1. Report, by chain and number, residues whose modeled amide H sits under 5 Å from the one on D261, excluding near sequence neighbours (fewer than 5 apart, same chain).
2. Between K352 and C216, what is the FRET efficiency for a Förster distance of 35 Å, r being their Cβ-Cβ separation, to the nearest 0.05?
3. Is region 209-352 rounded, prolate or oblate when judged by the Cα gyration tensor, a ≥ b ≥ c being the square roots of its eigenvalues, rounded requiring a/c under 1.5 and prolate requiring a/b larger than b/c?
4. 7 Å from Cα along Cα→Cβ at both N316 and L236: what's the point-to-point distance in nm?
5. Order these by the 10 Å Cβ neighbour count, fewest first: D354, D26, D76.
6. Long-range amide H contacts for C215: which residues qualify at under 5 Å (H placed 1.01 Å from N, peptide plane, sequence gap of 5 or more or a different chain)?
Amino acid sequence: MLPGRPAPRAATTRLGFLDRPISEPDAAADSIRHPVLPLDRDVRPWQDVLVELATRLKFPAFVKTDGARKFAGYTDFIVNYERAPGIILSQAHVSKWRKKSFCGEPNPQQWRIHPVRRHLYAHHWPDSQRWMRSVIATYLQAAADAAFIPKAEPIIAQLYSEPLQKFRLAGQGCTQVGSPPGKSTSRGSRSISIRCRCGTTRPAVEETSRCVPTCCAITQRPMMMYHSWDSQNAWLRQIVAQNYLYVNTATAASLGLADLDWVWVESPHGRIRCQMKTMEGVEANTVWTWNAIGKMSEAWGLERDASEATVGFLLNHLIAESIRAESGERLSNSDPITGQAAWYDLRVRIRKADESGVWPKLEFGR
């Protein structure tokens, strides 16, 4: 679509308050990734391409009132974009580069100062603002002044949520919104009966199916690979190049299982064979594994015999893409509000395998 292919996102990006924050409990931090090597081929940093696309599509934030281009590129965008007067993207850096703390007018020299600051700034909160910040007046005022929150008001976690109750009643057809004429209410009813009740438990959808699993199965996204989904780095493979199914130590003993045993993991939808390990730090009726470690052979530039392909595995084979409602209607096996796949609805049964080796094993062209 555009001249030059987008370069890897590491070419220039920002890690800050808005996306995958790097802040800590005692500090608000912001940083950027600044280009280290000059581009030596026909590529463009992906953020520059995004700014170009937004400009061509005439997104209001990227064009002036007369439709003219507002930002020359990503650097110009980072320095001059304001989501509100005096509120820019790289807020934490601002407190050292502008007269006002966190807020202020754009600084044309900001990008040049990033390397001097080693691309990182951390604002450390005083001791009085490091704990119970949801109700500490001094922190709430500081957060409002920095435009982290709209008002200096206590932030209360509600077990009862009025918006959620409205959604619940709408799904039941008890409001003026209701369901469209001639449409089934099964999706709304399902979301109410399964996902929206506070303080109650419910059988998983799969437990009502043809087999009764014995434990929950969940996956955890590997935080060390969060910014490396498109390629596999050698140093990341030193951290983890094979995933295991982690089982509570006492639960494993009761099933006659031990470290590095091969096990069958079965759900009403399918089954896989993988290698397990025991650990104390997992709930007795839950098993888990790292997500996205298992790969097709030769994917991600890996060798055919890479451990990710030969012993790595995925739980995808155990999760149905759709489920059938009581009315017979087939529904997506996902959260009805967010669309998130129902990974946390997965229930499985595990047993020791007589055979070894990952199953199923997928290879390109086979």
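Since every read-out is calculated from the coordinates, none of them should be taken as a lab result. Just so it is clear, the model here is predicted, and its values are computed rather than measured. No Cβ is skipped: glycine too gets one built from the backbone with ideal geometry, and neighbour counts run over all protein chains shown.
1. Those lying under 5 Å, H to H, from D261 are M276.
2. Plugging the Cβ-Cβ distance into 1/(1 + (r/R0)^6) gives 0.95.
3. Working: a/c = 1.91, a/b = 1.21, b/c = 1.58.
Taking the square roots of the gyration eigenvalues as a ≥ b ≥ c, region 209-352 is oblate.
4. 1.6
5. D354, D26, D76
6. Hits under the 5 Å cutoff: V348.
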